[in-house]
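A.B. asks: Pasting a structure here, questions to come.
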Amino acid sequence: MPPGGLCPTKPCWKARKTSYLYRDEDLTPDGVLSATLKAGAAGKATIAVTAKGTNLETPNPALFTGPIQVQLQRADGAVCFEATYPAPFKRNKKGSSGSTRRRRCRSTGSLTSRASR
């Protein structure tokens, strides 16, 4: 997700009192439609990202045996949010729950998913 800019004619990001919202109907450059980052006490902040389409780089889910680590990284690598999801994997329209933590990590500048095999 770009750190600023227009999507397509309005700012992609909106700052709220306790959250940040991102919306890009064009799904550029990486397939992200929306993101919500909400402040909270230690361990209680939330991040939700919705992505889809041909711009979204997606590994083959048939290869997942678990657990899956999902990371949201700041481009400069200063902050990383990570969630771990154990197998068996299931779709949940209200969002899946996993073990989350904030940590320092190596930056790739994008949303990254890795599957342990």
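A.B. asks: Roughly speaking, what % of Cα-Cα pairs in the range 25-78 are separated by over 16 Å, rounded to a whole number?
C.D. replies: Working: 866 of 1431 pairs.
Every Cα pair in the range 25-78 considered, those over 16 Å come to 61 percent.
A.B. asks: Please give me the summed charge of the neighbours of GLY53: other residues whose Cβ is under 15 Å from its Cβ, Lys and Arg +1, Asp and Glu -1. If you can, show how the numbers build up before the last one.
C.D. replies: Values: positive: ARG23, LYS52; negative: ASP24, GLU25, ASP26, ASP30, GLU57.
Neighbourhood net charge equals -3.
A.B. asks: May I pose another question? Could you give the dipole magnitude of the range 1-57 about its Cα centre, charging the beta-carbon of Lys and Arg +1 and that of Asp and Glu -1, in debye to the nearest 20? Walk me through the numbers on the way to the answer.
C.D. replies: Numbers: 8 positive and 5 negative charges, 97 e Å.
Dipole magnitude for the range 1-57 comes out near 460 debye.
A.B. asks: Okay, moving on. Exactly which trypsin sites (Lys or Arg not before Pro) in the range 1-59 are in a DSSP loop and have at most 10 other Cβ atoms within 10 Å?
C.D. replies: Hits after loop and neighbour filter: LYS17, LYS44.
A.B. asks: If you don't mind, there's one more thing I want to ask. Do any GluC sites (Glu not before Pro) in the range 17-83 lie in a loop, going by DSSP, with at most 12 other beta-carbon atoms within 10 Å of their beta carbon, and if so which?
C.D. replies: Details: sites: GLU25, GLU57, GLU82; in loops: GLU25, GLU57.
Sites meeting the loop and neighbour criteria: GLU25, GLU57.
Any read-out appearing in this document is the output of simple, stated calculations on the displayed coordinates, not a laboratory observation. Please read these numbers as outputs of a predicted model, since none were measured by experiment. When we count neighbours, we look across all protein chains shown, and the Cβ atoms used for this are built from the backbone with ideal geometry, even at glycine.
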